[in-house]
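The values are calculated or read from the model by the stated rules, or taken from the named source; none is laboratory data. Keep in mind it's a predicted model, so treat the numbers as computed, not measured. We place every Cβ from the backbone using ideal geometry, glycine too, and count neighbours over all the protein chains shown. Keep in mind that these areas ignore ligands, DNA and RNA; they rest on the heavy atoms of the full protein, side chains included. Shrake-Rupley method; radii C 1.70, N 1.55, O 1.52, S 1.80 Å.
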Amino acid sequence: MNSCVFCKILAGEIPATILHRDDQVAVIADISPQAPEHLLIFPVRHIPTTLDLTADDDALVGHIYRVAAKIAGEKGFAESGFRIVNNCNADGGQTVWHLHFHLLGGRELSWPPG
Ligand code: 5GP
Ligand code: ZN
């Protein structure tokens, strides 16, 4: 059985607010938002981390970024600005081992991150 939380969301086994779903990616609202807009974009296929991407996934990553930009525009925070973050492994702060990108916006984001 696949115990991955994002795979379970895709399978309908865990509820989530799904903003977009196509054959390659899904966009959901983060359960613990760190900004007024905090969405998660992840591939439908279970890929554990950025380190597991191959050349075959180049178009997938491009698609993820284009979907992120489209959603930011639709939700009205593209022009004010946003951040796309991928946390990789322990020091990067990764807690869910299904590759995902945080899309954060709706307020001024500080830099550098903690
Ligand atoms: P990471 O720390 O791996 O970069 O990000 C994982 C994100 O997934 C966190 O921001 C966390 O709040 C979110 N998350 C964890 N479990 C769930 C869940 O069951 N539903 C939703 N919508 N988000 C989740
Ligand atoms: Zn998964």
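Key figures for this structure:
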| item | result |
| --- | --- |
| Arg83 more than 16 Å from ligand 1 (Cβ to nearest atom) and among the charged types (D, E, K, R) | no |
| Filtered residues of segment 42-60 (kept if open to solvent by 40 Å² or more (accessible area, probe 1.4 Å) and of a type in the set (D, E, K, R)) | Arg45, Asp52, Asp56, Asp58 |
| Residue match in segment 38-61 (condition: touching a residue at least 12 places away in the same chain (Cβ under 8 Å) and touching an Asp or Glu at 6+ places or on another chain (Cβ under 6 Å)) | yes |
| Filter result (more than 13 Å from ligand 1 (Cβ to nearest atom) and under 16 Å from Leu99 (Cα atoms)) within segment 1-13 | Asn2 |
| Only listed residue being on the phi > 0 side of the Ramachandran plot and over 13 Å from the mean Cα position of the chain (by Cα), chosen from Gly92, Gly76, Gly114 | Gly76 |
| Residue among Ala35, Ala16 that is within 14 Å of ligand 1 (Cβ to nearest atom), in a loop (DSSP other than H, G, I, E, B), touching a helix residue (DSSP H, G or I) at 6+ places or on another chain (Cβ under 9 Å) and not β-branched (Val, Ile, Thr) | Ala16 |
| Hits in segment 1-40 (condition: open to solvent by 60 Å² or more (accessible area, probe 1.4 Å) and either within 13 Å of ligand 2 (Cβ to nearest atom) or in contact with a strand residue (DSSP E or B) (Cβ under 7 Å, 6 or more places away or on another chain) (or both)) | Met1, Asn2, Ser3, Ala11, Glu13, Thr17, Ile18, Leu19, Gln24, Gln34 |
| Residue match in segment 67-78 (condition: part of a loop (DSSP other than H, G, I, E, B) and surrounded by fewer than 18 Cβ atoms within 10 Å (Cβ to Cβ)) | yes |
| Near pairs, Cβ below 6 angstrom, 6+ apart or cross-chain, from segment 69-96 (of a type in the set (Lys, Arg)) to any residue that is not in a loop (DSSP other than H, G, I, E, B) | Arg83/Leu104 |
| Within segment 46-66, considering residues that are in a loop (DSSP other than H, G, I, E, B) and of a type in the set (Ser, Thr, Tyr), the one nearest to Ala35 (Cα to Cα) | Thr49 |
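Let's see how each residue does on (1) within 24 Å of Trp111 (Cα to Cα); (2) under 12 Å from the mean Cα position of the chain (by Cα); (3) among the polar types (S, T, N, Q):
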| position | (1), (2), (3) |
| --- | --- |
| Ala29 | yes, yes, no |
| Ser32 | yes, no, yes |
| Leu51 | no, no, no |
| Tyr65 | yes, yes, no |
| Ile84 | yes, yes, no |
